[in-house]
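The values are calculated or read from the model by the stated rules, or taken from the named source; none is laboratory data. Everything numeric in this text was worked out from a predicted model, so none of it was measured. Positions of Cβ are backbone-derived with ideal geometry, glycine not excepted, and every protein chain shown enters the neighbour counts.
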Amino acid sequence: MIEEKVFIPSTGGQLEGLLSMQEASSLRGGVILCHPHPQYGGDMDHPVITTAAEVASQERFATLRFNFRGVGRSEGSYGEGIEEMEDVRAAADYLYLKHRNTHFPLVLVGYSFGAWAGLPIAIEDEKFEAMAAVAPPLEIYDFGFLRGCKKKKLFLVGSRDFFCPLSVMEEWYGGLEEPKSLAVIQGADHFFFSHTRYLVQPLREFFKTI
């Protein structure tokens, strides 16, 4: 997987990103990757994000992981999650225009805070055909915006995630529209220490369906 440094124009300034694009004719689509909370050390180099990017690239998707405003070399400052949604929109537009293909479906992969900031854009933006949420913190943020969404959805959660307890996830998941799938990583907590590799197979199976 070869990535190049890019800078993406957003409403808060330039965003630092890493773009991987294979030969255009072989690409099946593009994946936007959104990292965990900027104020708690989250950035685009988190192992969950890099693992998802590698799997997507192996499945012949272009990938774009980026730092939200105020993180790393991205300009601006933390925007309470609301302004970060503009960063997701900017990244999606950047990748979509970079490819210039009439059929280039986008997929959103968001981890924790990144799921909360990214999924609303994936729902409303017609360029997105699917979305994956890793450890969506249901105990902290309201994910009610997903109700009624009929786009393809994957949820990955650790069995010991205290920000997204499995019992809460299963009840909430039951009220969501198809198509949807849920993968439980046994023994993993919210941070997936020593469990990141177990995300590979469910992500790979998900990308193969797009």
Unmet criterion (only one of (1) surrounded by fewer than 24 Cβ atoms within 10 Å (Cβ to Cβ); (2) on the phi < 0 side of the Ramachandran plot) for residue 70: (2)
Residue list for segment 47-73, filter: closer than 21 Å to residue 14 by Cβ, of a type outside the set (Val, Ile, Thr) and outside any helix (DSSP H, G or I): 62, 64, 65, 66, 67, 68, 69, 70, 72, 73
Long-range neighbours under 9 Å by Cβ, at least six apart or interchain, first residue without any contact (Cβ under 8 Å) to a residue 24 or more places away in the chain within segment 38-50, second surrounded by 23 or more Cβ atoms within 10 Å (Cβ to Cβ) and charged (D, E, K, R): 45/65; 50/65
Lone unmet requirement of (1) crowded, with 22+ Cβ neighbours inside 10 Å; (2) under 18 Å from residue 202 (Cα atoms) for residue 159: (1)
Sole exception among (1) loosely packed, with under 15 Cβ neighbours inside 10 Å; (2) in a helix (DSSP H, G or I) for residue 114, by number: (1)
Some residue of segment 68-79 being at pLDDT 95 or above, over 12 Å from residue 29 (Cα atoms) and under 15 Å from the mean Cα position of the chain (by Cα): yes
Subset of segment 16-37 [surrounded by fewer than 23 Cβ atoms within 10 Å (Cβ to Cβ) and touching a residue at least 12 places away in the same chain (Cβ under 8 Å)]: 16, 18, 19, 20, 21, 22, 24, 26, 27, 28, 37
Boolean, residue 200 is outside any loop (DSSP other than H, G, I, E, B) and in contact with a Cys (Cβ under 8 Å, 6 or more places away or on another chain): no
Qualifying residue in segment 158-170 (condition: out of contact with any Pro (no Cβ under 6 Å at 6 or more places or on another chain) and under 26 Å from residue 29 (Cβ atoms)): no
